[in-house]
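The values are calculated or read from the model by the stated rules, or taken from the named source; none is laboratory data. Keep in mind it's a predicted model, so treat the numbers as computed, not measured. Cβ placement follows ideal geometry from the backbone for every residue including glycine, while neighbour counts extend to all protein chains displayed. For accessibility, only protein heavy atoms count, side chains too; no ligands or nucleic acids. Shrake-Rupley method; radii C 1.70, N 1.55, O 1.52, S 1.80 Å.
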2 protein chains.
Amino acid sequence: MSLTNDSPEVAAAAAKTASFTLASLPASARNEALEAIHAALTASKDEILAANARDLELAQKAAADGMLSQALVSRLDLGKKGKFEDMLQGILDVRDLEDPVGKVSLRTKLDDNLNLERVSCPIGVLLIIFEARPEVIANIASLAIKSGNAAILKGGKESTESFIAISKVISSALSTTQVPNSAIQLVITRDAILQLLSQDRSIDLVIPRGSNELVRYIKENTKIPVLGHADGLCSIYLTASADKEKAAVAIVDSKTSYPAACNSVETLLVQDKALDTIFPSVAAALAQKGVTLRVDATSKAALAAASTAFPDGTVVDATPEDFDTEHLSLTLAVKTVSSVEEAILHINTHGSHHTDSIFTSDGAEAEHFMNQVDSAGVYWNASTRLADGMRYGFGTEVGISTNKIHSRGPVGLDGLTIYKYKIRGDYQPTAQYGEGEGKRPWKHERLAF
Amino acid sequence: MSLTNDSPEVAAAAAKTASFTLASLPASARNEALEAIHAALTASKDEILAANARDLELAQKAAADGMLSQALVSRLDLGKKGKFEDMLQGILDVRDLEDPVGKVSLRTKLDDNLNLERVSCPIGVLLIIFEARPEVIANIASLAIKSGNAAILKGGKESTESFIAISKVISSALSTTQVPNSAIQLVITRDAILQLLSQDRSIDLVIPRGSNELVRYIKENTKIPVLGHADGLCSIYLTASADKEKAAVAIVDSKTSYPAACNSVETLLVQDKALDTIFPSVAAALAQKGVTLRVDATSKAALAAASTAFPDGTVVDATPEDFDTEHLSLTLAVKTVSSVEEAILHINTHGSHHTDSIFTSDGAEAEHFMNQVDSAGVYWNASTRLADGMRYGFGTEVGISTNKIHSRGPVGLDGLTIYKYKIRGDYQPTAQYGEGEGKRPWKHERLAF
């Protein structure tokens, strides 16, 4: 890793050149680099925490002046119990994942001594733009090296001292390995983001890790593909045939287990037939957990008619905007629909194509919902909070994508690879192949791999 | 298919809605639609050729006035021997391809009664922008329907009458099937391209089929992902250990079998040690086929020293621009390099990441080249002209992509799909899972599929 004051253009070109070398390193060399980083960060803990303390001091002043949120200050703190150790363990976890590079996914005999092979390879150069959390450097550097990609890291200004300290340690560790120094670069030039976003000849993929605003800004300002999601507006469609008790538990989990997460539910669609049967007890369970329900007229009437009493302020009238809002808090919009078709249409129109679930005992209805809802995750009787790389069993995730191409949903190491086609031949001229007299036919035999 | 005068925004939104229905049709319904289109086009051949003749007449006048190229007029002609029949056969060929939708690529048991599945699905709405060839409508409509995608087609103005005739036939054929009418729309509004390119909420992928200029214009003017390639600047690196006779045959094939194709070789890199051994006979074979060699000083000297006499004008001095130019003609730039490293660096810097080949008898050198060259196709002793979906055995191709994400190289039906994650559960709250006391561990068992 190098800590660069080079112009974004120079840094990106250097990363590109380094990416060619990195792409042909064997897994053992990439894993050794991860071990070297792990050992160096372990040895330099005190020095890094001292730098982090300087960042924290400035941030706490800014927070006291109302310039920074307390949540950001908290994310900045590397000294919190277990955080540094988790960062170190994360490096070893990534090392232990299966090598995503060099996997053959197709092998075809085109003719005698003429074989086609499709093999996974790194994408090239990643640009990672992130906000406060300094441990992300180690995390991202590990994922990039493991997948054979060069990476340019641009962090938020609040963690500059921590970034510099970590980056120096990683840099000196990498200099003992086969990974080229400019394969991982930390850009600390201020205001470099727009210039980096214009390096579409050198940078192949942008991965933003931060707020919706950061992601939207990046998508608006680059021609480079962006992997990620801006919004997480997830919905659950509750039908009359759902299990009454279990549905309440799963909806409470989807809403309250981490309300600020992108995979928390924001809209509850209630089948009209469920208004008087299941819905009141679901609403009561939510209210008991402190959730404010923003209800349409029909669902409001159903709650008024029910025997349950709701505390003041927990049931309020929804506005149309509520159904297009990612609340990221203990607020849930509730809308009545008459059919699965209406639910699908609402989700495809107002949702963010992230994760949506149907609660029903009717399997055919569930399959129809899962086929027609245009989202990365489509669930049947399952909490939207399942949308997560660790929970899916991917070991780690780069982020969650709502893109319609390349990678969708929680993105693991595979999402940082593409493939190339290799052909090994014996100089055969292509003009000799074809159909008809005097032409040689293609063999096109699928080979094992 | 509908022939629409709707605004691009209305057309795109209608296509989006239709795409949800199309996405859940079984393969049998999609194949039946292809058969209906095939039957209808067969029955309407005379009517379509009459419309095509009107386009041709106008085009021939324009060509006589020097406003259109004769090549374009030729591409426009659907009445050429076998062309209509090839178009019809193409529809049945697409029908017979394996269904790309609904393929499971991962199945994991997260817990008892909680299963994750990754299943392929259509991308959504494709926008296909193409130039003169009217048979592309049938081809693209088939590929879109087979892969479950809605498509908006925008053709060049030269083939308007043919487009309208074909589109009416396909539209009435589709009305007898389960494919919604607005799933395939032909936009004939003039100057609609920029408006279509701004419909990033409804359109998921743009596929241009036409000249470099068309592709570049589209990439510059949209935020929607574009699948394809602008340039095809392919290189061959000829080393001293290559087979002398076979290398000449394969280089002649790469250059002359279809010089206007994107996969033709444009730059020959010659190892210095090969200048006096293999290169003169390769150059002679090329010159004999009418190829003009644009040579650097060193390779020029080697040819002067060789015994072969070259006809006037077949060996000329290269300019620096020649090594960044896709000549698309019987012109080949020749540059001397001293090593495989220099060849790799030249290709990664000056090439278009399309297809590049090394000619050598050294396997280790070939593997190094194939790993480090950053192109969709990397070949060893093989003609660059192999880069083609039909030749790869994919049956058909949408185009050739030099993108670094999603699909790379010749793109078949798979490139028109993405996946979604389905979870089928029993309302389990996620908060119960994790490590530590009282927590339930994830099972994460890989299941067969």
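Observations on the model:
- The stretch A:391-424, residues that are out of contact with any Asp or Glu (no Cβ under 9 Å at 6 or more places or on another chain) and of a type in the set (A, V, I, L, M): A:Val398, A:Leu416
- Some residue of the stretch A:320-332 being touching a residue at least 60 places away in the same chain (Cβ under 8 Å), crowded, with 19+ Cβ neighbours inside 10 Å and within 16 Å of A:Ala274 (Cβ to Cβ): yes
- Among the residues of the stretch A:173-203, those identified as farther than 25 Å from A:Glu32 by Cβ and either assigned to a loop (DSSP other than H, G, I, E, B) or free of Cβ contacts under 8 Å to residues at least 12 places away in the same chain (or both) are A:Ile188, A:Thr189, A:Arg190, A:Asp191, A:Ala192, A:Ser198, A:Gln199, A:Asp200, A:Arg201, A:Ser202, A:Ile203.
- The stretch B:369-378, subset more than 18 Å from the chain's Cα centre (by Cα) and facing chain A (nearest Cβ under 7 Å), residue most open to solvent (accessible area, probe 1.4 Å): B:Asn371
- A:Gly90 touching a helix residue (DSSP H, G or I) at 6+ places or on another chain (Cβ under 8 Å) and closer than 26 Å to A:Lys168 by Cβ: yes
- Comparison of A:Ser329, A:Ser361, A:Ser352 shows that the only residue that is part of a loop (DSSP other than H, G, I, E, B) and within 21 Å of B:Tyr427 (Cα to Cα) is A:Ser361.
- Residues satisfying the stated conditions in the stretch A:384-399, i.e. under 23 Å from A:Ile145 (Cα atoms), at the interface with another protein chain (Cβ under 9 Å from one of its Cβ atoms) and of a type in the set (A, V, I, L, M, F, W, C): A:Met390
- Close pairs from the stretch B:288-311: first in the same structural domain as B:His327 (by TED's automatic domain parsing) and crowded, with 16+ Cβ neighbours inside 10 Å, partner modelled with pLDDT of 95 or more and among the aromatic types (Phe, Trp, Tyr), Cβ under 7 Å, at least 6 apart: B:Ser299/B:Phe279; B:Ala302/B:Phe279
- Considered as a group, the residues in the stretch B:400-444 that are closer than 30 Å to A:Lys244 by Cβ, open to solvent by 20 Å² or more (accessible area, probe 1.4 Å) and not in a loop (DSSP other than H, G, I, E, B) include one that is farthest from the other protein chains (Cβ to nearest Cβ), and that residue is B:Arg440.
- Restricting the search to helices (runs of 4 or more DSSP H) fully inside the stretch B:13-95 and requiring at least 1 residues that are within 14 Å of chain A (Cβ to nearest Cβ) and under 24 Å from B:Leu127 (Cα atoms) gives B:27-43.
- Single unsatisfied condition, B:Ala242 versus (1) in contact (Cβ under 8 Å) with a residue 40 or more places away in the chain; (2) outside the structural domain of B:Ala18 (by TED's automatic domain parsing); (3) outside any loop (DSSP other than H, G, I, E, B): (3)
- Among residues of the stretch A:120-168, those that are open to solvent by 10 Å² or more (accessible area, probe 1.4 Å) and part of a helix (DSSP H, G or I), counted: 8
- For B:Phe449, the conditions (1) at the interface with chain A (Cβ under 8 Å from one of its Cβ atoms); (2) aromatic (Phe, Trp, Tyr); (3) in contact with a Lys or Arg (Cβ under 8 Å, 6 or more places away or on another chain) are fulfilled apart from (1).
- Unmet criterion (only one of (1) open to solvent by less than 10 Å² (accessible area, probe 1.4 Å); (2) farther than 26 Å from A:Leu68 by Cβ; (3) out of contact with any Cys (no Cβ under 8 Å at 6 or more places or on another chain)) for A:Asn115: (1)
- Residue match in the stretch B:374-384 (condition: out of contact with any strand residue (DSSP E or B) (no Cβ under 6 Å at 6 or more places or on another chain) and either part of a helix (DSSP H, G or I) or at pLDDT below 95 (or both)): no
- Filter result (surrounded by fewer than 24 Cβ atoms within 10 Å (Cβ to Cβ), within 12 Å of chain A (Cβ to nearest Cβ), among the hydrophobic types (A, V, I, L, M, F, W, C) and out of contact with any Asp or Glu (no Cβ under 9 Å at 6 or more places or on another chain)) within the stretch B:249-268: B:Val249, B:Val252
- Contact annotation: residue pairs with Cβ atoms under 9 Å, 6 or more positions apart or on different chains, pairing a residue in the stretch A:422-438 that is of a type in the set (Asp, Glu) with a partner that is part of a loop (DSSP other than H, G, I, E, B), are A:Asp426/A:Asp112; A:Asp426/A:Asn113; A:Asp426/B:Asp243; A:Asp426/B:Asn381; A:Asp426/B:Ala382; A:Glu435/A:Pro441.
- Screening B:Lys109 with (1) in contact with a strand residue (DSSP E or B) (Cβ under 6 Å, 6 or more places away or on another chain); (2) crowded, with 22+ Cβ neighbours inside 10 Å gives one miss only, at (2).
- Subset of the stretch B:114-132 (residues that are more than 9 Å from chain A (Cβ to nearest Cβ), over 16 Å from A:Lys404 (Cα atoms) and at pLDDT 95 or above): B:Asn115, B:Glu117
- Residue satisfying all of: in the stretch B:23-36; more than 24 Å from the chain's Cα centre (by Cα) and open to solvent by less than 30 Å² (accessible area, probe 1.4 Å); nearest to A:Asn348 (Cα to Cα) among these: B:Leu25
- Scope the stretch B:346-359; condition in contact with a helix residue (DSSP H, G or I) (Cβ under 7 Å, 6 or more places away or on another chain), more than 10 Å from chain A (Cβ to nearest Cβ) and buried (at least 24 other Cβ atoms within 10 Å of the Cβ); matching residues: B:Asp356, B:Ile358
One line per residue, one yes/no per condition, for (1) open to solvent by less than 10 Å² (accessible area, probe 1.4 Å); (2) under 16 Å from A:Lys223 (Cβ atoms); (3) more than 13 Å from chain A (Cβ to nearest Cβ):
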| site | (1), (2), (3) |
| --- | --- |
| B:Asp191 | no, no, yes |
| B:Leu205 | yes, yes, no |
| B:Asn212 | no, no, yes |
| B:Val215 | yes, yes, yes |
| B:Glu220 | no, yes, no |
| B:Lys223 | no, yes, no |
| B:His229 | no, yes, yes |
| B:Tyr237 | yes, no, yes |
| B:Ala247 | yes, no, no |
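- Looking only at residues in the stretch B:385-399 that are in a loop (DSSP other than H, G, I, E, B) and not aromatic (Phe, Trp, Tyr), the one that is modelled with the highest pLDDT is B:Ala387.
- Residue pairs whose Cβ atoms lie under 6 Å apart, sitting 6 or more positions apart in sequence or on different chains, and linking a residue in the stretch A:381-400 that is at positive phi to a partner that is surrounded by 19 or more Cβ atoms within 10 Å (Cβ to Cβ) and of a type in the set (A, V, I, L, M, F, W, C), are A:Asn381/A:Phe359; A:Gly399/A:Val411.
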